[in-house]
Amino acid sequence: MWRDALIVAGKDLRIELRSKVALNQVVPFAAVVILLFGLALGPDRAALSPAAAGLFWVAVLLSAVLATQRSFAVEAADGARDGLRLSGLDPAGIFLGKAGAVAGELIVLEGLLSVGVAVLYGLQLTGGLVLVAACLAATVGLAAVGVTYGAVASGLRIKETLLPLLFLPVAAPVLLGATKAWQEALTGRPGAGAGWLGVLAAFAVVYVAVGIVAFGPLLEEA
Amino acid sequence: MKSNRILRLTGALGLAGVVATFWLGLFVTPNAEFFGSLVRLLYVHPSMAWVAFLAYGMAFLSSLLYLWPRTRHPRFDHLAGASAEVGVVFTGLTLVTGSIWGRTTWGVWWTWDPLLTTTALLFVLYLGYLALRRVPGDPEVVARRSAIAALIAFIDVPIVYFSVTWWRSLHQPPTVNLASRHLYVHGIMAFTLFLSFASFTLVYAWLTAQRYRLYALAEKEADEGLDLALEERRAEGVPA
Amino acid sequence: MAPAVFLHEAVVLSGRFPLLAGASLQIEEGEIAHIRGANGAGKTSLLRLCAGLLPLHRGAGFVLGHDLSLDRRSLRRQVGLLGHQSFLYEELTVGENLRYALRASGCDRRRAEPAAARLSLAGRLFDTPVARLSAGQRRRTALAVLLARDPALWLLDEPHAGLDEEGRHLLDSLIAGSRAKGRTVVLCSHEHDHAASLSDRVIVVAGGRVLQEPAGVA
Amino acid sequence: MSGYVEAGYLVVVLGLGGYAVSLVARQRSARGRLEPKRTPPTPREPGAKR
């Protein structure tokens, strides 16, 4: 399983390095979202910086939808979804590999985006450890749910509209937990933020487990 | 048919129960000291929420039974779909009645009360599930896909509830919710409340059974279609 | 010896449409079978069923000793399917695609280069992304994947389509070579004469079923 | 009474009643479609797929 995961993750990341779709499209998209929030809430920094953590995570959530769609667009191209099944790879390995690749891309995106938020919304990124830990736990959870639902929706003609509808409500606890963890850490109360890390970690563990179990039956369809 | 009679009995009892609940709730029970006549909403709102959760639990259980290879049978897929759809109807009613409650007690149509927020998330979560169910495809494929989606959605419920509750309680003092209010419950009020829960549960059972029958009919239709389609397909190979 | 492919009254559905409407078929190990039939007769579905990609709705099916209604996944490592689609990753190079396919099916990665060389894909092409290849070159890459994996059962769907004269000769010699190694080959082709010269047996498919095998065709 | 209470009750009645009626109507139409199906089919055009 782990060997197969490494093969798939390596393949997906290599494709990303070649095509740079995540870097050239998803990251700018997240930047646009952040900019638009700034415009919507007005130029008042006093209004922006308390909301910054929430806005940041909404942008990450929306980007996660795009990253997931991309992860499966790569497979659908030229019938590689059949290829994935024909390759004889372990479905759990495929899930872990794809989720790992998506998580890796999202981590990079979060790093870039947090700099953007800090600059645009005038934020001091304090309480570093909790921020980073929240990012990691939240990202693993998002990637796990995203890739599982990506497989649910892949191969359907209406996947572009269905995936966000399925994915975003499920990811609500991640938005809540990560935002609160960030808010607490940013306002100098990393201890309170650490409690939310538990919620994020539980979410990640549960959905990684679900993905490992569910991916086999999902891939067998069609 | 025996099952038919049970179903009819369920429907009749449910209907009678709801009528009785409404009569008791609107005309017989007294006003509460604090809430005034608004207490009467108590006889519809909590039972809506209870039935919604029951329906989702049922959908979850039957999805599990479908995924488990030994108990895999289309009937569990149908039950899951029927129960979830009825659940969505009741969730919508929970939201509307909850909203009316909020308007009258707190003066706003919506508050970010943990229960209300969780219910709203549940509503969109299961709207997505129903949308997924409607995507056409091989019945077995659709069933499996939906069962997994139901699994993912239901596992989310406690996480959502826990995080929303914590989110609220950290923010400001706990809001007014039904449980935290001291209500002096008269005998007749308690009875009406109980009757409301019981009769709406029966209504749930009746609706789910009806929806389930609709699935069964659709499958029967498709099965008859299959034999015809096989005939037609084979006829393609016979030179005219 | 068990047959490589055994189907009995196999029904395969796509939604509510029967792709196969009760196909029965037996192909022995080491045979080269040529499947004929009109467009939409069910040739491709037959190959996809044998590759373990389509679920069996009714009937029985065994391929390389695997029961199609029970376990299709472990079968897939042992079959190679060359379809209308080439199962290649556009962004990756020929070499990367080959190595990925080999690693995924648990084969030795060093088989990639000889296979590519055999199909004249060595050198510059080996490091070219598939997106930049011509249709014929992609087809060759897909064949190279097949050759490198060397599966026990080769399923070829219109393998000659889109290949130039040289490519066709290469393909013919690959098929002959795989027979020499005892592999089973099932190919669909509209080029009846060409395919007939390669194969041991003709199987005619129509209306989602296998017609009675015509006598006297060797 | 405030009117809100009545509205709440009304919503429940209309919501559940409407849903129940729609279910029964759909069942009836499904049964109707199932009945006349027993006539022999007209053969499909050869080669027409999906």
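Every number here is computed from the coordinates shown, using simple stated rules; none is lab data. Being a predicted model, the structure only gives us computed values, none of them experimental. Note that each Cβ is placed from the backbone with ideal geometry, even for glycine, and that neighbours are counted across all protein chains shown.
How shielded is C:12-25 by partner chains, expressed as the average number of their Cβ atoms within 10 Å of its Cβ atoms?
Mean partner shielding for this stretch: 5.
Can you tell me, using C-alpha contacts under 8 Å and at least 6 residues apart, the relative contact order of chain B as a whole percent?
32
Scaled to the compact-protein estimate 2.2 N^0.38 Å, what is the alpha-carbon radius of gyration of chain B, rounded to two decimal places?
In units of the 2.2 N^0.38 Å rule of thumb, it is 1.24.
So how do C:R72, C:R140, C:R149, D:R28 line up by other beta-carbon neighbours within 10 Å, fewest first?
Listed from fewest to most nearby Cβ atoms, that is D:R28, C:R72, C:R149, C:R140.
Placing +1 at every Lys and Arg Cβ and -1 at every Asp and Glu Cβ, with all other atoms neutral, what dipole size does chain C have around its Cα centre, in debye to the nearest 20?
580
Whose amide H sits under 5 Å from the amide H of C:A206, counting only residues 5 or more places off or on another chain, with H placed in the peptide plane?
Correct list: C:L211.
If you line up the long axis of helix A:45-76 against the longest principal axis of chain A, both from Cα atoms, how many degrees apart are they, to the nearest 10?
The angle comes out near 10 degrees.
Please report the net charge: other residues with Cβ closer than 10 Å to the Cβ of C:I27, K and R +1, D and E -1.
That sum, taken over residues with Cβ under 10 Å, equals -3.
What is the set of long-range amide H partners of C:S14 at a cut-off below 5 Å, with H atoms built 1.01 Å from backbone N?
Excluding prolines and chain starts, which carry no amide H, the hits are C:L19.
Using a 10 Å cut-off around each Cβ, can you sort B:Y66, B:Y212 from fewest to most neighbouring Cβ atoms?
In increasing order of surrounding Cβ atoms, one gets B:Y212, B:Y66.
Which semi-axes, in whole Å and largest first, does the equivalent ellipsoid of segment A:1-103 have when worked out from the alpha carbon gyration tensor as the square roots of 5 times its eigenvalues?
35, 13, 10
Taking a temperature of 37 °C and a viscosity of 0.692 mPa s, what whole-number D in µm²/s does Stokes-Einstein yield for segment A:113-198 with Rh from Kirkwood over alpha carbon pairs?
Stokes-Einstein gives a translational diffusion coefficient of 232 µm²/s.
Starting from the Kirkwood Rh over alpha-carbon pairs, what translational D in µm² s⁻¹ does chain C have by Stokes-Einstein at 25 °C and 0.890 mPa s?
Stokes-Einstein gives a translational diffusion coefficient of 139 µm²/s.
Mind checking the dipole of segment A:2-220: about its Cα centre, +1 per Lys or Arg Cβ, -1 per Asp or Glu Cβ, Debye to the nearest 20?
Computed charge dipole of segment A:2-220: roughly 120 debye.
Over the Cα atoms of the protein assembly as shown, what Rg and Dmax result, in angstrom?
Just the Cα atoms of the protein assembly as shown yield Rg and Dmax of 30.2, 98 Å.
Across peptide B:154-165, what mean number of C-beta atoms from other chains lies inside 10 Å of a residue's C-beta?
5
At what distance in angstrom do the alpha carbon centres of segment A:179-222 and segment B:16-31 lie from each other?
The distance from the Cα centre of segment A:179-222 to that of segment B:16-31 comes to 45 Å.
Read phi for every residue in segment C:151-160 and hand back ³J(HN,Hα) as whole Hz from Karplus 6.51 cos²θ - 1.76 cosθ + 1.60, θ = phi - 60°, with x for Gly and Pro.
So the Karplus estimates, Gly and Pro as x, are x, 6, 10, 9, 10, 10, 9, 6, x, 7 Hz.
Could you count how many Lys pairs in the protein assembly as shown have their Cα atoms under 24 Å apart, skipping same-chain pairs fewer than 8 positions apart?
Total qualifying Lys-Lys pairs in the protein assembly as shown comes to 11.
Please list, ordered by chain and number, the residues whose modelled amide H lies under 5 Å from the amide H of C:S24; skip anything fewer than 5 residues away on the same chain.
The answer is C:E9, C:A10, C:V210.
Calculate I(q)/I(0) for segment A:2-220 by the Debye formula, one identical point scatterer on each C-alpha and no solvent, and give its log10 at q = 0.08, 0.10 Å⁻¹ to two decimals.
-0.28, -0.43
Distance between the C-alpha centers of segment C:42-96 and segment A:111-175? Whole Å please.
A separation of 35 Å, based on Cα centres.
Determine the shielding of peptide A:3-12 by partner chains: average, over its residues, the number of Cβ atoms on other chains within 10 angstrom of each Cβ.
Across the residues of A:3-12, the mean count of other-chain Cβ atoms within 10 Å is 3.
Please rank C:T141, A:T187, B:T192, fewest neighbouring Cβ atoms within 10 Å first, as an exposure proxy.
Placing the least packed residue first, the sequence is A:T187, B:T192, C:T141.
If I take every Cα pair under 8 Å that is 6 or more residues apart in segment A:2-220, average their sequence separation and divide by the length, what percent do I get for the relative contact order?
Here the relative contact order equals 28 percent.
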